[in-house]
Amino acid sequence: HPVFNSLSDRLTATFKNLRGKGRLTEADIDGTAREIRRALLDADVAVPVVREFIARVKARSLGSEVSEALNPGQQVVKIVNEELVGILGGQTRELQFAKHPPTIIMLAGLQGAGKTTLAGKLAYRLKNQGHTPMLVACDLQRPNAVNQLQVGGGRAGVPVYAPHPGVSSEAETPTGDPVQVARAGVAEAREKLHDVVIIDTAGRLGVDTELMQQAADIKSAVGAHEVLFVIDAMIGQDAVTTAQSFNEGVDFTGVVLSKLDGDARGGAALSVASVTGKPVMYASTGEGLKDFEVFHPDRMARRILD
Ligand code: GDP
């Protein structure tokens with residue numbers, strides 16, 4: 001992913017210096033740790049995450065993890081890889097479907113994070129897997145969000161429940177109570193036997209208590225099984241504080257990194273799983289319906305270190 005290119009190049013260059021060394025001195029390990037630290041910080045990985053990461057890599061590299069198959073340099077790369085998988089959330093985590101359908105998935109995040117776009121992609125993916133999803137438009141804040149969800153749903157071939165059947169103009173912002181809309185949408189999905197409901201919610205440009213409360217209210221009103229926090233990988237260090245606020249406000253179940261196709265430094269996004277303790281579940285890589293993938297921490301770490 002472009003957002004990790006520069007980090008990837010820096011780490012690869014660092015490891016090149018270790019290649020072929022028969023044994024590593026403490027100075028070698030210190031020097032390597034310092035370079036990795038700088039590369040992570042330059043990539044915008046959050047400071048506490050970097051600190052912890054480096055401490056673990058150093059301790060493990062200095063410790064007696066002797067391997068017959070790997071030379072000392074390879075051993076350090078292996079440790080860095082494992083620690084990177086760790087900060088990315090460890091195991092791959094996919095959606096958990098409710099025992100009694102419909103499974104209710106709610107999307108939360110700042111305005112512009114990519115929620116509405118994601119809603120269409122997720123619906124499309126689930127439909128192709130044989131599910132019968134329905135989208136519910138509860139972003140009554142951003143002009144055009146309902147309309148945009150209807151367009152996305154149309155492309156994905158998935159029905160959209162929207163508050164006002166009459167919302168036709170792009171400029172019109174629908175009014176209504178998002179909590180009521182969510183309830184009514186879920187009721188309709190139940191009645192029509194959809195097995196998954198995806199609820200798009202409103203975001204603001206910054207974290208906002210009223211809106212957070214609205215998201216929390218929707219979550220409890222419909223009993224959401226999954227709350228996916230969508231974060232723009234390009235917003236830099238704000239990613240961490242935003243993620244922490246949403247984690248406290250709505251206690252989300254998983255993270256979606258969006259805009260991994262961008263060219264800004266994406267390191268802050270790599271910190272989100274680590275600082276919230278919630279797994280990254282999906283990555284969004286463009287505006288198209290198919291620009292979307294399950295996030296595998298091990299594969300992502302390997303790609304960054306390759
Ligand atoms: P929302 O306010 O959270 O619903 O955000 P939107 O879904 O409307 O997305 C905001 C903007 O980002 C739109 O112009 C989208 O087309 C764009 N966008 C969303 N996801 C991605 C992505 O993964 N990559 C890129 N390049 N653009 C994206």
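The values are calculated or read from the model by the stated rules, or taken from the named source; none is laboratory data. Keep in mind that this is a model prediction, so the values were computed, not measured. Note that each Cβ is placed from the backbone with ideal geometry, even for glycine, and that neighbours are counted across all protein chains shown. Surface accessibility is based on the protein's heavy atoms, side chains included, excluding ligands, DNA and RNA. Shrake-Rupley method; radii C 1.70, N 1.55, O 1.52, S 1.80 Å.
Miscellaneous remarks
- Residues in the stretch 3-16 carry Karplus couplings, in order, of 4, 10, 4, 5, 4, 4, 4, 5, 5, 4, 5, 4, 5, 4 Hz; the curve used is 6.51 cos²θ - 1.76 cosθ + 1.60 with θ = phi - 60°, and Gly or Pro positions show x.
- Kirkwood Rh, Cα atoms: Rg over Rh of the stretch 74-146: 1.13
- For the stretch 1-71, applying the loop criterion from DSSP together with a ceiling of 15 other beta carbons within 10 Å to the GluC sites (Glu not before Pro) yields GLU65, GLU68.
- Each of ILE36, LEU140, ALA123 was placed along the dipole of the chain (beta-carbon charges, centred on the mean Cα), and the one lying farthest toward the positive end is ILE36.
- Ligands, DNA and RNA left out, the accessible area of the stretch 182-306 computed with a 1.4 Å probe is 45% carbon and sulfur.
- Derived scalar couplings ³J(HN,Hα) [the stretch 76-84; Karplus, 6.51 cos²θ - 1.76 cosθ + 1.60; whole Hz; x for Gly, Pro]: 5, 4, 5, 5, 4, 4, 5, 5, 5
- The stretch 221-288: C-alpha gyration tensor shape, a/c 1.5 cut-off, then a/b vs b/c: oblate
- Lysine pair count for the chain (Cα-Cα distance under 20 Å; residues 8 or more apart in sequence or on different chains): 20.
- Take the Cα of ASP298, go 7 Å toward its beta carbon, and the backbone nitrogen atoms of the stretch 244-279 under 19 Å from that spot belong to 279.
- With θ taken as phi - 60° and the Karplus curve 6.51 cos²θ - 1.76 cosθ + 1.60 applied, the whole-hertz 3J(HN,Hα) list for the stretch 29-45 is 5, 4, x, 5, 4, 5, 5, 5, 4, 5, 5, 5, 5, 5, 7, 5, 5 Hz, x standing for glycine and proline.
- Computed Rg/Rh of the chain, alpha carbon atoms with Kirkwood Rh: 1.05
- With a simple spin-label model that places each label point 7 Å from the Cα along the Cα-to-Cβ direction, the separation between ASP261 and ASP306 comes to 1.9 nm.
- Square roots of 5 times each gyration tensor eigenvalue, C-alpha, the stretch 1-132, largest first, Å: 39, 18, 13
- Under-5 Å amide H pairs with PHE292, H placed in peptide plane, nonlocal only: THR285
- Panel note: the C-alpha atoms of the stretch 102-258, placed on their principal axes, show extents of 41, 34, 27 Å (largest first).
- Between ILE199 and ILE105, MET106, LEU107, VAL136, the built amide H atoms are under 5 Å apart, and every one of these is 5 or more places off in sequence or on another chain.
- Value of relative contact order over the stretch 150-306, rounded to a whole percent, pairs C-alpha under 8 Å and six or more apart: 16
- For the chain, accessible area per residue (1.4 Å probe, heavy atoms of protein chains only), Å²: 45
- Full-extension gain in nm, GLU52 to ARG34, via 0.36 nm per residue minus C-alpha separation: 5.2 nm
- Maximal additional length on extending the LYS16-ALA187 stretch stands at 55.7 nm, based on 0.36 nm per residue less the C-alpha distance.
- Across the accessible surface of the stretch 1-129, with the other protein chains kept in place and a 1.4 Å probe, carbon and sulfur atoms take up 48 percent.
- Protein-only accessible surface at a 1.4 angstrom probe places the residues THR116, THR25 in the order THR25, THR116, largest first.
- For the stretch 43-150, a crude dipole built from +1 on the beta carbon of Lys and Arg and -1 on the beta carbon of Asp and Glu, taken about the Cα centre, is about 340 debye to the nearest 20.
- DSSP assigns beta bridges within the chain; of those with both partners inside it, close to 10 percent run antiparallel.
- Shape box of the stretch 183-306 [Cα atoms, principal axes, largest first, Å]: 49, 32, 24
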